[in-house]
Amino acid sequence: MPVGVNKIRNRGFAPGSIMSLIRIFQKHGVKLFVIFSLLGGIAYIFGADTKYQGYAPDQPIPFSHKIHAGELQIDCKYCHAGVEVSAHATVPDQGTCMKCHSVVGGDSANIQYLRQTYKQGVPIRWLKVHDLPDHVKFSHKPHITRGLDCVQCHGDVAKMDKVELTNKFTMGWCVDCHRQETTQSYKPGNNQTVKITECGTCHY
Ligand code: HEC
Ligand code: HEC
Ligand code: HEC
Ligand code: HEC
Ligand code: HEC
């Protein structure tokens, strides 16, 4: 029998009664609080997505992919130059925008703001839409080299006024595709592809 219950009984409380529960909380409240907080914290870490599907923050300037990548058909790589060659696709600085907006769109308050911050050399603080935790290794380069399209992971960005998380970007989501790629193995004898379901491929 647990020590706590024994003590309570010795003081004359029936073990099952509400009073004995209150007593236990009075005596062990802090400890119980700590234990439940820890359990809650662990449940949270295992249950939580980094960013939920559908996440679409407001940006400092309402930049529209629908206008630029959709209507104007500017190539994704014109602005996200890193995507083929490095881990990060990179978001362009105002210099890229100014190639057009030093001329185009001067009537708009947003473009005036863009020009002003460019002149002052103040970077625009775009909010990250996608943001994997630091313990995850992800690189665009091998995926793009292998012929995957932006749409497969990011959805049809060229139709979005505001970029939105269209997939879960959880471990399960990555691993599902890696498993499929491994079983399909349309590059026979490619050990590289077999390895992509191992923990060390995606974690430091
Ligand atoms: C004219 C420049 C430009 C073009 C062209 C462009 N983008 Fe972007 N992109 C941006 C800017 C600026 C941001 C940051 C603001 C935002 O999230 O809307 C961004 C953000 C993004 C993000 C979210 C980044 C994050 O924080 O997670 C994705 C994904 C993305 N772009 C994909 C694409 C794809 C796919 C295409 C082609 C269909 C494309 N972009 C074309 C400028 C551009
Ligand atoms: C295999 C899935 C996949 C494909 C294909 C893909 N991306 Fe991404 N992209 C991601 C993931 C995952 C992140 C988040 C990376 C992080 O948080 O470290 C991301 C982040 C981004 C970002 C935010 C900046 C950065 O690099 O972290 C931009 C911009 C972006 N992608 C653009 C593109 C464009 C443009 C293409 C197509 C040329 C593309 N992506 C293809 C999965 C993909
Ligand atoms: C290749 C040329 C080009 C580039 C590069 C470009 N834009 Fe544009 N942008 C345009 C054109 C054209 C329009 C439509 C202008 C109009 O309808 O008056 C536009 C419209 C806009 C608008 C809407 C203007 C309004 O009415 O408020 C914003 C905001 C904007 N761009 C921001 C950006 C930002 C931020 C960048 C850099 C990340 C960028 N643009 C890069 C050509 C470009
Ligand atoms: C739509 C399919 C798909 C999705 C989704 C996907 N991957 Fe991949 N990934 C691939 C393929 C295919 C390869 C093998 C590329 C090759 O042959 O080199 C790969 C390779 C990799 C590699 C190995 C790169 C190297 O240098 O060997 C890493 C790391 C990786 N992926 C991480 C991730 C992470 C993390 C996610 C989720 C955020 C993810 N991938 C989502 C298809 C995908
Ligand atoms: C294809 C890529 C990939 C592989 C393979 C992979 N992981 Fe992950 N893992 C991820 C991503 C992405 C996250 C972040 C998920 C999120 O933020 O929702 C993650 C998160 C985690 C977490 C943190 C808990 C969580 O839910 O955030 C642990 C622990 C973990 N992985 C362990 C493992 C172990 C053990 C293996 C091998 C059996 C493994 N991973 C294989 C991509 C991968």
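For the stretch 25-60, what are the residues that are among the β-branched types (V, I, T) and at pLDDT 70 or above?
Going residue by residue through the stretch 25-60, those that are among the β-branched types (V, I, T) are 30, 34-35, 42, 45, 50.
Matches in the stretch 25-60: V30, V34.
If we scan the stretch 120-132, do we find a residue that is near ligand 2 (Cβ under 9 Å from one of its atoms), under 27 Å from G54 (Cα atoms) and exposed (fewer than 14 other Cβ atoms within 10 Å of the Cβ)?
Yes, that holds for at least one residue.
Does K77 satisfy the criteria of being of a type in the set (K, R) and surrounded by 12 or more Cβ atoms within 10 Å (Cβ to Cβ)?
Values: of a type in the set (K, R): yes; surrounded by 12 or more Cβ atoms within 10 Å (Cβ to Cβ): yes.
Here the answer is yes, as K77 does meet what is asked.
Can you confirm whether the stretch 181-194 contains a residue that is within 11 Å of ligand 1 (Cβ to nearest atom), of a type in the set (G, A, S) and part of a loop (DSSP other than H, G, I, E, B)? Before the answer, list the steps.
Of all residues in the stretch 181-194, those within 11 Å of ligand 1 (Cβ to nearest atom) come to none.
No, the stretch 181-194 contains no residue that is within 11 Å of ligand 1 (Cβ to nearest atom), of a type in the set (G, A, S) and part of a loop (DSSP other than H, G, I, E, B).
Looking at the stretch 80-119, which of the residues that are within 29 Å of H143 (Cα to Cα) and touching a Pro at 6+ places or on another chain (Cβ under 8 Å) is surrounded by the fewest Cβ atoms within 10 Å (Cβ to Cβ)?
Let us first name the residues in the stretch 80-119 that are within 29 Å of H143 (Cα to Cα), namely 80-97.
From the residues that got through so far, the ones that are touching a Pro at 6+ places or on another chain (Cβ under 8 Å) too are 80-81, 93-94.
Numbers: H80: 19, A81: 14, D93: 12, Q94: 19.
That would be D93.
Just need a number here: residues in the stretch 64-97 that are near ligand 1 (Cβ under 6 Å from one of its atoms) and over 25 Å from Q120 (Cα atoms). Step through it out loud before you land on a result.
So in the stretch 64-97, the residues near ligand 1 (Cβ under 6 Å from one of its atoms) come out as 65, 68-69, 74, 76, 78-80, 91-92.
Add one more test, that the residue is over 25 Å from Q120 (Cα atoms), and what stays is 65, 69, 74, 76.
Summing the residues that are near ligand 1 (Cβ under 6 Å from one of its atoms) and over 25 Å from Q120 (Cα atoms) in the stretch 64-97 gives 4.
Residues that are under 22 Å from A56 (Cα atoms): which helices (runs of 4 or more DSSP H) entirely in the stretch 99-170 hold 3 or more of them?
Working: elements: 109-120, 140-145, 150-154.
It comes to 109-120, 150-154.
Quick one: what pairs do we get from the stretch 50-71, first residue among the charged types (D, E, K, R), second surrounded by 15 or more Cβ atoms within 10 Å (Cβ to Cβ), C-beta under 8 Å, 6+ apart or different chains?
K51/V129; K51/H130; K51/L165; K51/F169; K66/A158; K66/M160
The values are calculated or read from the model by the stated rules, or taken from the named source; none is laboratory data. Because the structure is predicted, anything quoted here is derived from the model rather than measured. Quick reminder, even Gly has a Cβ in these numbers, built from the backbone with ideal geometry, and neighbours come from all protein chains shown.
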